[in-house]
Protein chains: 2
Amino acid sequence: MQNFDYQTPTRLIFGKGVVDEKLSEVMNMFGKKVLLTYGGGSIKKMGLYDKVKELLKDKDIYELSGIQPNPKYDPSVLDGVKICKENDIDVILAVGGGSVLDCSKAIATGAKYEGDPWDLISYKAFATNSIPIVDIITLAATGSEYDAGGVISRTDTNDKIGYVDLHNFPRVSFLDPTYTFSVSKKQTAAGCADAMNHIMEQYFTGDSTLLNDGFMEAGLKSLMINAKKCIENPKDYTARAEMMLCCTYGCNQIYALGSSYSGWPCHGMEHALSAYYDITHGEGLAIITPRWMKHILSEKTVERFVKYGVNVFGIDAGQDKYDIANQAIDATYKFFETIGIPMHLKDVGIDESRIDEMAHHVAENEGLDKAWVPLSEKDIADIFRASL
Amino acid sequence: MQNFDYQTPTRLIFGKGVVDEKLSEVMNMFGKKVLLTYGGGSIKKMGLYDKVKELLKDKDIYELSGIQPNPKYDPSVLDGVKICKENDIDVILAVGGGSVLDCSKAIATGAKYEGDPWDLISYKAFATNSIPIVDIITLAATGSEYDAGGVISRTDTNDKIGYVDLHNFPRVSFLDPTYTFSVSKKQTAAGCADAMNHIMEQYFTGDSTLLNDGFMEAGLKSLMINAKKCIENPKDYTARAEMMLCCTYGCNQIYALGSSYSGWPCHGMEHALSAYYDITHGEGLAIITPRWMKHILSEKTVERFVKYGVNVFGIDAGQDKYDIANQAIDATYKFFETIGIPMHLKDVGIDESRIDEMAHHVAENEGLDKAWVPLSEKDIADIFRASL
């Protein structure tokens, strides 16, 4: 078991009706000038925008809207920083999915920094302060509501950078599963894939514990069962709620405290796909994952795949270990296919043409040579090609 | 799934060597005047006392020693409060097991309160402030290092009260599994039983989730496997480490966020046993638990016992449900017996004489009429008698 130093200060307020019940009281702790950040029109359609404005009618509300999936440094982060600096914002209220929250995190530290906010995202400088963040999550996926990380894309350089800054733990995250009732089948499936990948990329490591394995296996099984239920019946409260909590723990480390660092191989590779092609992050992950699994299956890793196959998919343990491992990988592929994810890169508009360029970019920037099974530039290109 | 409002601000610093590495740095955040609290001589025997004094040689250290298991309001809490008030203590450093830490929590809030500290423990008044607490844990058991609760005993009234005060989350908990190498077989077994009970009492409820069930079942399996390893080989680092982490999550709520409140029936009943007879808490729990299980087994609860039996003990699912449930309860009893716990009240010096008095005390004070399976005074007395 590995040493760790762990702390999550975020308060989670979870359940039906919690925004009505506690948002005003929570926001009063942080001040009068609020930057409300959100994406497109979905929070307006579901009435959440009006509700928030009504609940905060005693505040001065500034707005940053139009934050996209794979949130952009320019214009979103830069615009948000400008609004905060010009208006001396006290608190950011992010309403939406992980992209809105990730963007808000970059704004929160960027607004308290004198230089170019990209310095912080690219670890050229380190934040010493930030604007407090509160969020209301409307998509079960990234777990950004319970971690200090974020992923920001820069279109001019094709960079999509995941970074962690301990100032960026949200102070309070509101999680009302009813706000995810209107999430489309496509986005529900992509969210499930994202959350499963957060778990799988922590699961495939050389040193885990019975406790962590059981927790992660339960997370994977719960996500698979509940995502299917959510897709069949989008208003199944219990399924939406359990899926939401499985996602919330995703990148918080709690699934795997004390396990060895495994790297984030699929996330690392997918960042290039969505930076170059702006595809849906969860779909990119689902496409890559089974190919990555096949690629790393070896004498070093096979027992881990056996455990995964037996405990997550209920595969009969009395078979040859490679047979079990391969069945587990096939079952992973089939699950993603069953929930409607397009399982080839060409299905999401990616062809051979930029694969070597992307592989080079990943090898240069994602540190996958330090993953549990190290990946070279050639490995990465091979996995991309197998995913075509 | 139930609504919840959850936050744990405590920082966990876990692993071999973490005290040498980070204690000084952490303590510098809180000030110069330190109250060092501990129990008997064990921290001196293992060299931890000297190490702490050396690491904090630039501080003014005051000491409160002799804190007993089932920590006492008088003298320990009262003495600690007096030292803090007289010397304007900045931070309490608790070194020991859950009893030392629980006592330190009562001191921390008591020292910032003008009235009788018992008011806070008995919820007659509420703390508005507290002295920060840092701890170094030397016994895997209570999980007090990661929660805001504590249990304090008062010999003049036979009260043993568990209470929660959100001021009492430790700021930082140091968990070095090597400090548990010298824990005796008896205490290792009792710690395991305590931690298993924390999980079981959250597990037996009418409304849990796949995620929570998997996490708790993994916790129970891990505790059983690793406690046995620790008893066989007290210096098995990996087993001590995993047991420690399973215990740490015990009362933090993280095992069961969103599950219904189950009450704390065995803890509630055991509090009377150790208040009246000062027995080892974990042993009292282990004795009561299988009898409580038999007592509450019914059409309402049987499916839960089936899940417990199949998933925790690997009992064949293809049998009659009551057969599975009874096998699971027997397996629970046998496990405790295997690790050396005396499984009858008479083995720990408790006879028939005060059972009705204790049952009355529990019924009056522990709220077990609100547990998943409500327990009346007669139920409690029946469970005590079945445990003789």
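The values are calculated or read from the model by the stated rules, or taken from the named source; none is laboratory data. Note that this is a predicted model, so its numbers are computed, not measured. Cβ: placed from backbone, ideal geometry, glycine included. Neighbour counts: every protein chain shown.
The condition of being buried (at least 24 other Cβ atoms within 10 Å of the Cβ), under 22 Å from residue A:169 (Cα atoms), at the interface with another protein chain (Cβ under 10 Å from one of its Cβ atoms) and not small (Gly, Ala, Ser) does not hold for residue A:216.
Of B:367, B:314, which residue is assigned by TED's automatic domain parsing to the domain that holds residue B:296, at positive phi and under 23 Å from the mean Cα position of the chain (by Cα)?
Values: B:314 fails: under 23 Å from the mean Cα position of the chain (by Cα).
Only one candidate passes the filter, namely B:367.
Among A:126, A:181, which is the only one that is in contact (Cβ under 8 Å) with a residue 24 or more places away in the chain, within 29 Å of residue A:342 (Cα to Cα) and out of contact with any Asp or Glu (no Cβ under 6 Å at 6 or more places or on another chain)? Steps first, please.
Values: A:126 fails: within 29 Å of residue A:342 (Cα to Cα).
Step by step, each of A:126, A:181 is checked, and only A:181 is in contact (Cβ under 8 Å) with a residue 24 or more places away in the chain, within 29 Å of residue A:342 (Cα to Cα) and out of contact with any Asp or Glu (no Cβ under 6 Å at 6 or more places or on another chain).
With B:275, B:239 as the choices, which residue is within 23 Å of residue B:96 (Cα to Cα), of a type in the set (A, V, I, L, M), out of contact with any Leu (no Cβ under 9 Å at 6 or more places or on another chain) and at pLDDT below 95?
Details: B:239 fails: at pLDDT below 95.
Sole residue among the options that is within 23 Å of residue B:96 (Cα to Cα), of a type in the set (A, V, I, L, M), out of contact with any Leu (no Cβ under 9 Å at 6 or more places or on another chain) and at pLDDT below 95: B:275.
Report yes if residue A:58 is at pLDDT 95 or above, surrounded by fewer than 22 Cβ atoms within 10 Å (Cβ to Cβ) and farther than 17 Å from residue A:155 by Cβ, otherwise no. Considered against the rule, which asks whether it is at pLDDT 95 or above, surrounded by fewer than 22 Cβ atoms within 10 Å (Cβ to Cβ) and farther than 17 Å from residue A:155 by Cβ, residue A:58 comes out as yes. So if I check each of B:387, B:353, which one is loosely packed, with under 14 Cβ neighbours inside 10 Å and at pLDDT 95 or above? Every option except B:353 fails the conditions.
Would it be correct to say that residue A:121 is touching a residue at least 60 places away in the same chain (Cβ under 8 Å), among the hydrophobic types (A, V, I, L, M, F, W, C) and within 13 Å of residue A:150 (Cα to Cα)?
Details: touching a residue at least 60 places away in the same chain (Cβ under 8 Å): no; among the hydrophobic types (A, V, I, L, M, F, W, C): yes; within 13 Å of residue A:150 (Cα to Cα): yes.
Considered against the rule, which asks whether it is touching a residue at least 60 places away in the same chain (Cβ under 8 Å), among the hydrophobic types (A, V, I, L, M, F, W, C) and within 13 Å of residue A:150 (Cα to Cα), residue A:121 comes out as no.
Would you mind telling me which numbered condition in (1) without any contact (Cβ under 8 Å) to a residue 60 or more places away in the chain; (2) within 27 Å of residue B:232 (Cβ to Cβ); (3) outside any helix (DSSP H, G or I) residue B:279 fails? Going through the list (1) without any contact (Cβ under 8 Å) to a residue 60 or more places away in the chain; (2) within 27 Å of residue B:232 (Cβ to Cβ); (3) outside any helix (DSSP H, G or I), residue B:279 breaks only (1). Of all residues in segment A:158-180, exactly one satisfies the criterion of being surrounded by fewer than 23 Cβ atoms within 10 Å (Cβ to Cβ), of a type in the set (Val, Ile, Thr) and in a helix (DSSP H, G or I), namely A:178.
Applying the selection to segment B:181-195, what residues are more than 13 Å from chain A (Cβ to nearest Cβ) and in a helix (DSSP H, G or I)?
Hits for segment B:181-195 are B:185, B:186, B:187, B:188, B:189, B:190, B:191, B:192, B:193, B:194.
Within segment A:124-162, the set of residues being farther than 23 Å from residue A:201 by Cα, hydroxyl-bearing (Ser, Thr, Tyr) and touching a strand residue (DSSP E or B) at 6+ places or on another chain (Cβ under 7 Å) comprises A:138, A:155.
Inspect segment B:337-347 for any residue being within 14 Å of residue B:265 (Cα to Cα) and in a helix (DSSP H, G or I) and give the result as yes or no. No - not one qualifying residue is present in segment B:337-347. Residues that are assigned to a helix (DSSP H, G or I), under 25 Å from residue A:76 (Cβ atoms) and within 14 Å of chain B (Cβ to nearest Cβ) within segment A:1-42 comprise A:19, A:23, A:26, listed in sequence order.
How many residues are in a helix (DSSP H, G or I) and at the interface with chain B (Cβ under 10 Å from one of its Cβ atoms) if we restrict to segment A:227-259?
Residues of segment A:227-259 in a helix (DSSP H, G or I): A:227-232, A:237-248, A:254-256.
Filter once more, so that each one left must be at the interface with chain B (Cβ under 10 Å from one of its Cβ atoms): A:237-246, A:248, A:254-255.
Total satisfying the criteria: 13.
With respect to the conditions (1) closer than 28 Å to residue B:23 by Cα; (2) under 19 Å from the mean Cα position of the chain (by Cα), residue B:84 falls short on a single one, namely (2). Only one entry of B:254, B:225 meets the criterion of being free of Cβ contacts under 8 Å to residues at least 40 places away in the same chain and out of contact with any helix residue (DSSP H, G or I) (no Cβ under 6 Å at 6 or more places or on another chain), and that entry is B:225.
Is it true that residue B:276 is assigned by TED's automatic domain parsing to the domain that holds residue B:201 and closer than 28 Å to residue A:7 by Cβ? Let's see the steps before the verdict.
Details: assigned by TED's automatic domain parsing to the domain that holds residue B:201: yes; closer than 28 Å to residue A:7 by Cβ: no.
For residue B:276, the condition - assigned by TED's automatic domain parsing to the domain that holds residue B:201 and closer than 28 Å to residue A:7 by Cβ - is not met.
Scanning segment B:196-213 for residues that are part of a loop (DSSP other than H, G, I, E, B) and either over 18 Å from the mean Cα position of the chain (by Cα) or within 13 Å of chain A (Cβ to nearest Cβ) (or both) turns up B:205, B:206, B:207, B:208, B:209. Put simply, of A:237, A:249, A:261, A:276 the only residue that is buried (at least 23 other Cβ atoms within 10 Å of the Cβ) and among the aromatic types (Phe, Trp, Tyr) is A:249.
For segment A:113-122, indicate whether the set of residues that are of a type in the set (S, T, N, Q) and either surrounded by fewer than 18 Cβ atoms within 10 Å (Cβ to Cβ) or not assigned by TED's automatic domain parsing to the domain that holds residue A:153 (or both) is non-empty.
Pass one, segment A:113-122, residues of a type in the set (S, T, N, Q): A:122.
Subset that is either surrounded by fewer than 18 Cβ atoms within 10 Å (Cβ to Cβ) or not assigned by TED's automatic domain parsing to the domain that holds residue A:153 (or both): A:122.
For segment A:113-122, residues of a type in the set (S, T, N, Q) and either surrounded by fewer than 18 Cβ atoms within 10 Å (Cβ to Cβ) or not assigned by TED's automatic domain parsing to the domain that holds residue A:153 (or both): present.
Restricting attention to segment B:348-370, the residues that are closer than 14 Å to residue B:267 by Cα, in contact with an Asp or Glu (Cβ under 9 Å, 6 or more places away or on another chain) and not β-branched (Val, Ile, Thr) total 5.
Taken over segment A:113-136, the criterion of being assigned to a loop (DSSP other than H, G, I, E, B) and within 28 Å of residue A:11 (Cβ to Cβ) is satisfied by A:113, A:117, A:123, A:126, A:127, A:128, A:129, A:130, A:131, A:132.
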